[in-house]
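The values are calculated or read from the model by the stated rules, or taken from the named source; none is laboratory data. This one's a predicted model, so the numbers in the text were calculated from it and none came from an experiment. Cβ coordinates were reconstructed from backbone atoms using ideal geometry, including for glycine residues, and neighbour counts include every protein chain displayed. For accessibility, only protein heavy atoms count, side chains too; no ligands or nucleic acids. Shrake-Rupley method; radii C 1.70, N 1.55, O 1.52, S 1.80 Å.
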Amino acid sequence: MHMFSFSAPQQPRPDLASGAGGHPGAVAMAVLLGVTTLLLLLTAVPVGAEPPKPFTPPPPVEPLPEPLPESQPESSSPAATPAATESAPQSPGSMPPSQGGEFVDDQRDVEQQPGAGGDAESDAGSDRDGTENTAREDTQGEDDPSESALPLEQLRTFAEVFGRIKSDYVEPVDDKSLLAAAIRGMLAGLDPHSSFLDAEEYDDIQVGTKGEFGGLGIEVGMEDGFVKVIAPIDDTPAARAGVQAGDLIVRIDDQPVKGMALSDAVKLMRGEPGTGIELIIMRDGEDKPLKIAIERDIIQVASVKSRMLEPGYAYIRIASFQSRTTEDMRRQIEALKLKAKTDEPADGATAEAAESPEPAEPPGVAQTSGSRGGNPIKGLVLDLRNNPGGVLNSAVGVSDAFLRGGLIVYTKGRMDDALMEFKAGPDDVIDGAPMVVLVNGGSASASEIVAGALQDQGRAIVMGSDTFGKGSVQTIVPVDDSTALKLTTARYYTPSGRSIQAHGIEPDISLERGSLTLADQPEVVPLKEANLMRHLEEELVEDKLPEQQAADQPLAAKDYPLSEALNVLKALSLAQARGHLEAGIMEPPKAQ
């Protein structure tokens, strides 16, 4: 066997072993053999011998115990008892401390991965690392020694390749670069989401969580050697330039990306704000590649946006799950409630209804959003389209805000501390008002957790198209002060036990991708009752303000899926309100 850049005989000759001074080169040869033997011993690879078997310590010398009955197991000590396979149930709305280092957004080694961790999440990773290491040592202590032994043959091959590169590669390569490349390759061979984070990448993953960074504003991953756009981030240069979820980037500034590492592609897309970049992309339905020019900018990610679609019907858009997404969403929902109350008509009928006694609530019927004295929000659309994911705790918090109990999500992995479940508390921020969740192929990871939880618990109708299907949990495991591992440690499951990995969430109502073109208004307006002669005059009622009428635009022409979601939401709200009214007898209004 040839080791590194020199060669040596595998067995020493008898004459050298018996007398080294009989030949002028005998001393040099003996020294060479000694160095070779030392190197081989240090690498635990003996030359010309079989790999050693794992060492099994002899039993301690002590008095023999009493013989055990044949039916009793060989070992009944507490140390041999396997660890529990399920974590203790968490209290409603609570999150285990060890969860801080876990998140589900990685898809990607994304361009600045918004929501990929957070200050608290990243800092908690060191505590989690210690827990994982302890559990790993305990687990290995229970395994068969042959399974935990070092793979000596593979390490011997690694040492041989390392030596050949050091001695024969066309250019000198330092040990640090070679070992770093070996570590990256080892993690890249596991799955698309595990990776090694150097000092710059480790810092980026924490900066990205704060919601401000430089770049194009796209979440990306790898597919068939090309860079795939998971989702463009709202109000970013990429979104304004027309980049869409599912696009494949084949060139960056005329540089092919085929075979390029994802981290290298991300670095090419980053740059100083104001500088330009040109992307060549492939898109489904297009006959030829598209060329898109984008100007880099500072990306400020607004995680939550909200508005009223119509009086009583709220809209919440979550672009990514960051560390403060839950708090921001709750605050904006409260603001929408205040707006809905101020927009309610204060007519005589409402005042009259307040004076008359209401029918008693039947047992088991909750106060609905459309009932008198209840929540002013009649329904809510939660838009998770093109949301690439983010912090797991934020996904749990958003789901908890709309549920009154029950399981949200649970995770399973090889380690005991990867077995966790999250349950909702008793509060619902919109008091049971109907919900519709919008998703598409760009909804991934944490978005799928929220959609799956609300769907399985019967809390919301999910509309759109099948989601991305990323159902694994990544943990940031610090290696030292400046580097870390991003390692896939668990899969997550919806309350009904569905695994989202490589499957995604199937919507309750599927919507085809496309847009709606409104028909032109007819030249001849159809006749109505008001056009007939001697028609009865209508009663005067309070109508919309002129400025509101002018601001109204056909929602179906601007966002067809959202208009369909609003129609379904109205139907749900009407059905809920009518079911509530059936509990009592409606009386005719008093004469004015």
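Candidates are the residues of the range 165-184 that are surrounded by 14 or more Cβ atoms within 10 Å (Cβ to Cβ) and among the basic types (Lys, Arg); the one that is modelled with the highest pLDDT is 166. Of all residues in the range 419-443, those satisfying the criterion of being open to solvent by less than 20 Å² (accessible area, probe 1.4 Å) and outside any loop (DSSP other than H, G, I, E, B) are 420, 422, 435, 436, 437, 438, 439. Inspect all residues belonging to the range 479-500 and state whether any of them is within 13 Å of the chain's Cα centre (by Cα), under 30 Å from residue 564 (Cβ atoms) and of a type in the set (A, V, I, L, M). Looking for residues that are within 13 Å of the chain's Cα centre (by Cα), under 30 Å from residue 564 (Cβ atoms) and of a type in the set (A, V, I, L, M), one finds at least one in the range 479-500, hence yes. On inspection, residue 335 qualifies as more than 30 Å from residue 184 (Cα to Cα), among the small types (Gly, Ala, Ser), more than 19 Å from the chain's Cα centre (by Cα) and not in a loop (DSSP other than H, G, I, E, B).
From the list 400, 416, pick out the single residue that is closer than 22 Å to residue 470 by Cβ, touching a residue at least 40 places away in the same chain (Cβ under 8 Å) and charged (D, E, K, R). Can you show your working first?
Numbers: 416 fails: closer than 22 Å to residue 470 by Cβ.
Answer to the check: 400.
Counting only strands (runs of 3 or more DSSP E) that fall entirely inside the range 444-501 and contain at least 2 residues that are among the hydroxyl-bearing types (Ser, Thr, Tyr) and open to solvent by 20 Å² or more (accessible area, probe 1.4 Å), the qualifying elements are 484-493.
Mind checking which residues of the range 291-318 are touching a residue at least 40 places away in the same chain (Cβ under 8 Å), open to solvent by 40 Å² or more (accessible area, probe 1.4 Å) and not small (Gly, Ala, Ser)? Step through it out loud before you land on a result.
Going through the range 291-318, the residues touching a residue at least 40 places away in the same chain (Cβ under 8 Å) turn out to be 292-303, 305, 309-310, 312-318.
Now drop any that are not open to solvent by 40 Å² or more (accessible area, probe 1.4 Å), which leaves 293, 295, 297-298, 300, 302, 305, 310.
Correct list: 295, 297, 298, 300, 305, 310.
Look at residue 194 and say whether it is over 23 Å from residue 504 (Cα atoms), of a type in the set (Ser, Thr, Tyr), under 19 Å from the mean Cα position of the chain (by Cα) and buried (at least 16 other Cβ atoms within 10 Å of the Cβ). Spelling it out, it is not the case that residue 194 is over 23 Å from residue 504 (Cα atoms), of a type in the set (Ser, Thr, Tyr), under 19 Å from the mean Cα position of the chain (by Cα) and buried (at least 16 other Cβ atoms within 10 Å of the Cβ). Inspect all residues belonging to the range 174-181 and state whether any of them is of a type in the set (A, V, I, L, M), free of Cβ contacts under 8 Å to residues at least 12 places away in the same chain and closer than 24 Å to residue 225 by Cβ. Yes - at least one qualifying residue is present in the range 174-181. Answer yes or no: is there a residue in the range 408-416 that is in contact with a Phe, Trp or Tyr (Cβ under 9 Å, 6 or more places away or on another chain), open to solvent by less than 10 Å² (accessible area, probe 1.4 Å) and assigned to a loop (DSSP other than H, G, I, E, B). Looking through the range 408-416, none of the residues is in contact with a Phe, Trp or Tyr (Cβ under 9 Å, 6 or more places away or on another chain), open to solvent by less than 10 Å² (accessible area, probe 1.4 Å) and assigned to a loop (DSSP other than H, G, I, E, B). Taking residue 330 as the residue in question, decide whether it is open to solvent by 30 Å² or more (accessible area, probe 1.4 Å), basic (Lys, Arg) and in contact (Cβ under 8 Å) with a residue 60 or more places away in the chain. Criteria met by residue 330.
None of 394, 443, 482 is hydroxyl-bearing (Ser, Thr, Tyr) and under 24 Å from residue 509 (Cα atoms) except 443. Over 18 Å from the mean Cα position of the chain (by Cα), surrounded by fewer than 24 Cβ atoms within 10 Å (Cβ to Cβ), more than 21 Å from residue 513 (Cβ to Cβ) and at pLDDT 95 or above - does that describe any residue in the range 362-378? Among the residues of the range 362-378, not one is over 18 Å from the mean Cα position of the chain (by Cα), surrounded by fewer than 24 Cβ atoms within 10 Å (Cβ to Cβ), more than 21 Å from residue 513 (Cβ to Cβ) and at pLDDT 95 or above, which makes the answer no.
Of the residues 547, 587, only one is out of contact with any Gly (no Cβ under 9 Å at 6 or more places or on another chain), farther than 30 Å from residue 314 by Cα and modelled with pLDDT under 85; which?
Values: 547 fails: farther than 30 Å from residue 314 by Cα.
Every option except 587 fails the conditions.
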